[in-house]
1. In the range 317-336, which residues are under 46 Å from the mean Cα position of the chain (by Cα) and either outside any helix (DSSP H, G or I) or over 16 Å from GLU441 (Cβ atoms) (or both)?
2. Of the conditions (1) over 19 Å from LEU339 (Cβ atoms); (2) modelled with pLDDT of 75 or more, GLU420 clears all except one; give me its number.
3. In the range 294-316, how many residues are closer than 19 Å to PHE444 by Cβ and not aliphatic (A, V, I, L, M)?
4. Kindly establish whether LEU129 is part of a helix (DSSP H, G or I), in contact with a helix residue (DSSP H, G or I) (Cβ under 8 Å, 6 or more places away or on another chain) and either at pLDDT 75 or above or not assigned by TED's automatic domain parsing to the domain that holds ARG45 (or both).
5. Given the structure, is GLN176 modelled with pLDDT under 70, of a type in the set (S, T, N, Q) and more than 30 Å from HIS38 (Cα to Cα)?
6. Go over the candidates LEU261, LEU298, LEU256, LEU275 one by one and state the one that is at pLDDT 65 or above, part of a helix (DSSP H, G or I) and in contact with a Phe, Trp or Tyr (Cβ under 9 Å, 6 or more places away or on another chain).
7. Against the condition within 17 Å of LEU314 (Cβ to Cβ), touching a strand residue (DSSP E or B) at 6+ places or on another chain (Cβ under 7 Å), of a type in the set (A, V, I, L, M, F, W, C) and modelled with pLDDT of 85 or more, how does ILE442 come out, does it pass?
8. Looking only at residues that are buried (at least 16 other Cβ atoms within 10 Å of the Cβ), in a loop (DSSP other than H, G, I, E, B) and small (Gly, Ala, Ser) in the range 369-397, which one is modelled with the lowest pLDDT?
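The values are calculated or read from the model by the stated rules, or taken from the named source; none is laboratory data. All values derive from a computational prediction rather than experimental measurement. We place every Cβ from the backbone using ideal geometry, glycine too, and count neighbours over all the protein chains shown.
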Amino acid sequence: MKHLLTMLLAFAILLLGISAVSCFLFFNTRESTQSRRHSRIVLYRSSDLYNVIQDMNLASRGYSLIHDPGSRDTYKHNEDECQKICTDLMQMTEDNPVQQENLGRLQIGTKDFADVTSRIFSQKDPKPLRSGQYKAMNEVRGALRSIEEEENRLLSERENYTNTYFILGGSALGVQFLAAFGLLYSCWHLLKQHERENNEKLEQLKTAKDVAEQALEAKDRFLSTVSHEVRTPMAAVLGLTELLSLQELGQENNELVNLTLDSSMHLLQILNSVLEVARLDSGNVMVQARNFALRPVLGDVRQIVALEAGKKQLTITGFCDEKIPEYVFGDELRVRQILTHLSFNAIKYTEAGRVEISASLKAQTADETVVRFSVIDTGIGISASDQRRIFQAFEQASDTTKRVKGGAGLGLTIAKELVELLRGQVGVMSEPGKGSTFWFEIPFTAGHA
């Protein structure tokens, strides 16, 4: 009941407000009607003025052709009428600065026309003066056009006002209907506006998509060029440098060659990482699933990284949970890549101790097996703030680490992209000075031999 009374009170206030507005609108409608009548009178008078000026022009032409004295009388009569109409128009439009300016131009043009015409009447050969008369007549016509255009604009505006006031004034006879209609119209207008905004956003998104596709295509072409034009000579450099390292060049020269070989291999590794990230971003990397044995993959990765770990005298350990099926169905190559990137990253930031590469069973159903892989090191560790950004491209734990350890900061980015490609998730657990544990979980379909 309280809500109903509130609604009735609000409706009563709305009714009084609309009634007051309606009275105001009806009053303005009356004034607007008078203004329209005034504009039509101005248009009629300007039309009369045009006809009078045309008669003046014809009278002057008639005199210049046949020297008829009656033409001079006709011109004089029309000239007086022209002055009278101009005076009337000046009075009727005294509150309109635009029309006053147009009438000022008209009077100047009329005066020029009268001056030239008076000379025509006073000379026996008026032909040379006709050009001045034409010019003055053009000025008069231009001023008349401006007067009519301005008054037509005012008339149209006043007609719009009158129609609007009349329509809104009728709301006094049907306040509820108009309120409902206004509400529906507002909703329709908002929906149309929302639709237009959505269409504009769709067009912008389409344009942005086209630009992005063009940029992606350009990037693909660039990658193709880099792949062929850079990696090919790099392979030659590596091969030749390796051949030099097998020669007896003296201890100092052999050390320089070995350093060159290590730098070249490091450069090729960075190049391969950049290309791999670009391929992942472009979506050109596809999952190639098949049945494979998981345990040999772990062993192969440990052997691959053993040489690099041996340079730091690190121990490589690991295990595979016996509950994991012997065969699983998934992308063996991508699993190897992920483990390799994480393992090399662990070795890079570990100066002493061990690196463990292992796999355990996370969950298992009749159709799916989720395996959790872990790469554990005893390295420098990572702070909580750095853990949030190490998986971003070209990011490392800190600028100091980047200067000391080097690298492009793409290994973890590639690993994260590949894990997400395999519908998995990746993360890290670490504390500064206590080592790190990088893990990722991959869902596999149970395979068979």
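1. VAL328, PHE329, GLY330, ASP331, GLU332, LEU333, ARG336
2. With (1) over 19 Å from LEU339 (Cβ atoms); (2) modelled with pLDDT of 75 or more applied to GLU420, the lone miss is (1).
3. Of the residues in the range 294-316, 4 are closer than 19 Å to PHE444 by Cβ and not aliphatic (A, V, I, L, M).
4. No: the conditions fail for LEU129.
5. yes
6. LEU298
7. no
8. Looking at residues that are buried (at least 16 other Cβ atoms within 10 Å of the Cβ), in a loop (DSSP other than H, G, I, E, B) and small (Gly, Ala, Ser), I get ALA397.
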